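Colleague: Please find one structure pasted underneath; my questions will follow.
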Amino acid sequence: MTLIESFEKLDYSDALESSEEAQNWLDSHGRRFGQFINGKFESRSDADLIASLNPSNGNLLANIEVAGPNQLKKAITAARNALPAWQAMDGHGRAKVLYALARLLQKHTRIVSVLETLDNGKPIRESRDIDIPLAIRHFYHHAGWAQIQEREFSEYKSIGVVAQIVPWNFPLLMLAWKIAPAIAMGNTLVFKPAEQTPITAMFFAHLCEQAGVPDGVINIVNGAGTTGAALAAHEGVDKVAFTGSTSVGRAIRKATAGQNKKLTLELGGKSAFVVFEDADLDAAVEGLVDSIWFNQGEVCCAGSRLLVQAQIADKLHTKLKKRMQTLRQGTPLNKSVDIGSLVSQTQYQRVDELVQNGIEQGGELYQASTTQPDGNYYPPTLITEIDSSHPLAQEEIFGPVLVSMPFRTQSEAVTLANNSRYGLAASIWSENINRAMDVAPKIKAGVIWINCHNQFDASCGFGGVRESGFGREGGKEGLYEYLQPKLLKKVAKSKPIKVERQSSKENIDRTLKFYIGGRQVRPDGGHSIATYKANGSLATWVGAGNRKDIRNAVSAATKASNWSNQNGHLRAQIIYFFAENLALREDEWIKRLQEICGLTKKQAKTEFNASLSRIFSYAAWADKYDGAVHNAPYRGVTMALPEAIGVLAQIAPEEKPLISTISLIAPAIAMGNRVVLIASERYASIALELVQTLETSDIPAGVVNILTGNKTDLAEQLAGHAEVDGIWCWAEPETVAQVEATSAIDLKRLWVHIDGDRDWLDSQQGEGLEFLRNATEVKNIWTPYGD
Ligand code: NDP
């Protein structure tokens, strides 16, 4: 045989990672695990069991006990009891515990990697080189945040007891993403792994014992969806952090409505992988391997929709098919394998069914090898000849299945990328940085990768928009999800007004109109509501808005999208001009605040001046709330850019109507949002009296829209409206609950409050970064450099 012939026949030999240590560890626990509560393992002989299997061969790894209601309660109580001491511990004390967890995980990398591969079916190469190192990095990074917490987050405190629920695709990594920031910021928690993959969480529980985690700070309960549902809805929980499917995320949003719980949802995706004609096609092919065949495609942000510029589509498909033939699939513990098993037989069947049903509706299927159901090996799959309405282009498959669609122009690429109910991530492939940076802000997603895909790091926030959920994990933005402001002080409601009997002729012609699309308009239904002065006499009439008025206002706000694309300098000037115009009406406003709100002249002056100052503050912030550049461990930079949420509905507080209205509108528009505000009911006229000033301040039509009427009804309409992207709500508990439940329809981002939670006059409570953060979503754009 010639050298050339030998070279051509070279093949990989098996390089099996030993599972002996891992199997011994499972044996040493009798292949049975209970719950980890208050620093101890608890077992119940009569517990229901879930078998955790190795998906590549069906062998039993361990039996997992399902936590019963009493154990769930016990875990939550343990977390509650551990909370005061953990909160009171200084940052350094907590940092030491996180650091110890990182060190211990590092020390046990090999066994943890093997356990992960055995339980999930992912190749050992990935668990060893990606999952576990990233999990370790998360604990180190957050040990650092705990250390500097007192300085960096001096105005914040922990939330309390957190329920954390994760899926099966990155079991230990998801655990790290959840637990590290939560405990770093002083919360205690109850964590539930997925029923298919609980093993590494059990190993981690043992490390907690060794790392000196105080009893009760970390509790881990096992079970299936019903356990997750009971945990999320439990009244002893202050916050729920969930990663999983959009349908379960929606169920949790509904189940927790009205419970006054903070919620973050990291949900599904159908991320675009956009290849322009000027891309390095070989790099793009390797990028696709990392994007859709990494972790068998069981990745929420997998680039499962390939959008390729038409003139290079055939060339790219040819290269891709050639590369697919060289992908090695098989025993996950084999170190020379690229693709392992799907997590379970159920998942295998789900993927296969979606593909089979989908292909019946059209499309050309290419699979480099045949399916092997015995080991749950689903082959790398490419589907072409479909359009963006095809179910396979819309549904999340969560398997190694790539669909490809051509586009002609850059704007068509953006339209196609955004043609999804999801908005988790996307990658852009082009050798032209100008083009890539132009497209990145236009794609509606929480993460954008330029010439790379599936990059993650603890320093960079991760999370989606639209039905991919809300909230971020990682980065500084991820820490705020586990914090709440320290300074808020509840305020009492004003006494009810004693309404005088009115003569029907009094003030009859003084009916304030809505402000919609830059015009004053009458309410659709023609109904008006009387508003009163503090002395009980009639002040003015205002409109009673209905569904049609809401539709008109949202439509006007949607059309004003150009405001979101304006630069901060321009927005700042317009907002300053608004303040300047308002200042001209000082006397009129002082008189009005005295009459309507019953303030003394001095109090009215104070509120008016504070309102002007607040507008100035947000004009100042308009060009200064900049984002960050992260120094993640790769050759590149990650830019964290705060982006406007879009159309923001605002249900205004009842008290301090001038400054509270300003406190909602000003930060929202400063960040580029368009607003539909429902005014205070008691002081409805105050928000509408701002209209004349808004009209003369160069604020484009549709950027601010103001309606009055029944807050609960109008809030309900807004929560159900598909074109509203987010809601800020200060209202009574029933209205808040309704907004939370109704918004589950498309998982709007919410910032909700029981009215009376703060003193609007106080600049620490009524103004600042908390408002700007809630007016924006952070988009992380990863830009590697070098060859
Ligand atoms: P599921 O939503 O079915 O399950 C996720 C977790 O929630 C599991 O622990 C599950 O328990 C639990 N659960 C199930 N039902 C309920 C309920 N009603 N209330 C509370 N908890 C419940 O997702 P999968 O496990 O199927 O995971 C795949 C999904 O996760 C994909 O859609 C994927 O996109 C998404 N995902 C999102 C990520 C992100 O960061 N955005 C990252 C990774 C995955 P059990 O499994 O034990 O029954």
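Colleague: Determine the sum of side-chain charges near Phe514: Lys and Arg each +1, Asp and Glu each -1, restricted to other residues whose C-beta is under 14 angstrom from that of Phe514.
Modeller: Taking every other residue near Phe514 into account, the sum is +2.
Colleague: Hey, another quick one. Length gain on complete extension for the stretch Asn70 to Lys319, per 0.36 nm per residue less the alpha carbon to alpha carbon distance?
Modeller: The Asn70-Lys319 span can extend by a further 84.0 nm.
Colleague: Grab the Cα-Cα distance for Glu360 and Tyr785, subtract it from 0.36 nm times how many residues apart they are, and report the gain in nm with one decimal.
Modeller: Value of the extension gain: 148.7 nm.
Colleague: With the dipole of region 258-297 worked out from charges on the C-beta (+1 for Lys and Arg, -1 for Asp and Glu) around the Cα centre, which of Asn260, Val285, Phe273 lies farthest toward the positive end?
Modeller: The Cα lying farthest towards the positive end belongs to Asn260.
Colleague: Let me ask something else. Which of the trypsin sites (Lys or Arg not before Pro) found in region 451-505 are loop residues per DSSP with 15 or fewer other Cβ atoms within 10 Å of their Cβ?
Modeller: Lys486, Lys489, Lys490, Lys493, Lys498, Arg501, Lys505
Colleague: Heavy atoms only, probe 1.4 Å: what % of the accessible area of region 558-630 goes to carbon and sulfur, would you let me know?
Modeller: Ligands and nucleic acids excluded, carbon and sulfur reach 52 percent.
Colleague: Using R₀ = 51 Å, calculate the FRET efficiency as 1/(1 + (r/R₀)^6) where r is the Cβ-Cβ separation of Val629 and Glu209; round to 0.05.
Modeller: Efficiency computed from Cβ-Cβ geometry: 0.85.
Colleague: Which value results for Rg/Rh of the chain when Rg is the Cα radius of gyration and Rh the Kirkwood radius based on the inverse mean 1/r?
Modeller: Reported Rg/Rh (Cα atoms, Kirkwood Rh): 1.01.
Colleague: So which DSSP H runs in the chain come out at 27 Å plus along the axis (Cα) with average Kyte-Doolittle of at least -0.5?
Modeller: Once both thresholds are applied, what remains is 69-88, 601-622.
Colleague: Could I ask something else about it? Report the per residue volume, in Å³, of the convex hull enclosing the C-alpha atoms of region 293-407.
Modeller: 96
Colleague: Given region 45-181, report the % of alpha carbon pairs whose separation exceeds 22 Å.
Modeller: For region 45-181, the fraction of Cα-Cα distances above 22 Å is 51 percent.
Colleague: If we restrict to alpha carbons, what Rg and Dmax does region 122-257 come to, in Å?
Modeller: Radius of gyration, then largest Cα-Cα span, for region 122-257: 15.0, 44 Å.
Colleague: Pairs Lys9/Lys315; Lys74/Lys192; Lys178/Lys748; Lys444/Lys748; Lys254/Lys548; Lys490/Lys656: which exceed 20 Å Cα-Cα?
Modeller: Long pairs (Cα-Cα over 20 Å): Lys9/Lys315; Lys178/Lys748; Lys254/Lys548.
Colleague: If I model a spin label at Asp282 and Ala492 as a point 7 Å from the Cα along the Cα→Cβ vector, what separation in nanometres do I get?
Modeller: Between Asp282 and Ala492, the label points sit 7.7 nm apart.
Colleague: In whole percent, what relative contact order does region 275-402 give with Cα contacts below 8 Å and a gap of six or more residues?
Modeller: It comes to 27 percent, rounded to a whole number.
Colleague: Still on this structure: What FRET efficiency comes out for the pair Ser245/Lys601, r = Cβ-Cβ distance, R0 = 56 Å, nearest 0.05?
Modeller: 0.45
Colleague: At what distance in nm do the modelled label points of Ser411 and Ile754 sit from each other, each positioned 7 Å from its Cα along Cα→Cβ?
Modeller: 5.0
Colleague: Run the simple label-point estimate for Ile4 and Ala51 please: 7 Å along Cα→C-beta, distance reported in nm.
Modeller: The modelled label-to-label distance comes out at 5.4 nm.
Colleague: Over region 165-207, calculate the relative contact order: mean separation of alpha carbon pairs under 8 Å at least 6 apart, over the residue count, as a percent.
Modeller: 50
Colleague: Can you run phi through the Karplus equation (6.51, -1.76, 1.60; θ = phi - 60°) for region 366-379 and list ³J(HN,Hα) in whole Hz, with x for Gly and Pro?
Modeller: Whole-Hz 3J(HN,Hα) from phi for region 366-379: 10, 10, 6, 9, 8, 6, 10, x, 4, x, 6, 8, 9, x.
Colleague: Two decimals is fine: what is log10 I(q)/I(0) at q = 0.18 Å⁻¹ for region 387-541, from a Debye sum with one equal scatterer on every Cα and no solvent?
Modeller: Per q value, in the given order, log10 I(q)/I(0) is -1.13.
Colleague: Given Cβ point charges of +1 (Lys, Arg) and -1 (Asp, Glu) and nothing else, what value in debye, to the nearest 20, does the dipole of the chain about its Cα centre take?
Modeller: That gives the chain a dipole magnitude of about 2400 debye.
Colleague: Further question: Any idea what the relative contact order of the chain is, in percent, if you count C-alpha pairs under 8 Å spaced at least 6 apart?
Modeller: Once divided by the residue count of the chain, the mean separation gives 12 percent.
Colleague: Hey, got a sec? Which GluC sites (Glu not before Pro) in region 166-256 land in a DSSP loop and have at most 12 other Cβ atoms within 10 Å?
Modeller: Answer by residue number: Glu235.
Colleague: Just the Kirkwood number for region 1-89, please: inverse of mean 1/r across all distinct Cα pairs, in Å, one decimal.
Modeller: 17.3
Colleague: A follow-up question, please. Can you give the FRET efficiency to the nearest 0.05 for Ile433 and Leu327, using r as the Cβ-Cβ distance and R₀ = 35 Å?
Modeller: Calculated value: 0.70.
Colleague: Taking every pair of distinct Cα atoms and averaging 1/r, then inverting, what Kirkwood hydrodynamic radius in Å comes out for region 98-173?
Modeller: 13.9
Colleague: Could you work out the local net charge near Asn357, counting Lys and Arg as +1, Asp and Glu as -1, over the other residues with Cβ closer than 13 Å to its Cβ?
Modeller: Charge balance in the 13 Å sphere: -3.
Colleague: What is the local net charge at Leu98, summed over the other residues whose Cβ is closer than 14 Å to its Cβ (Lys, Arg +1; Asp, Glu -1)?
Modeller: +4
The values are calculated or read from the model by the stated rules, or taken from the named source; none is laboratory data. Just so you know, these numbers come straight off a predicted model, no measurement behind them. Quick reminder, even Gly has a Cβ in these numbers, built from the backbone with ideal geometry, and neighbours come from all protein chains shown. Side chains are part of the model used for accessible areas, which takes the heavy atoms of the whole protein and leaves out ligands, DNA and RNA. Shrake-Rupley method; radii C 1.70, N 1.55, O 1.52, S 1.80 Å.
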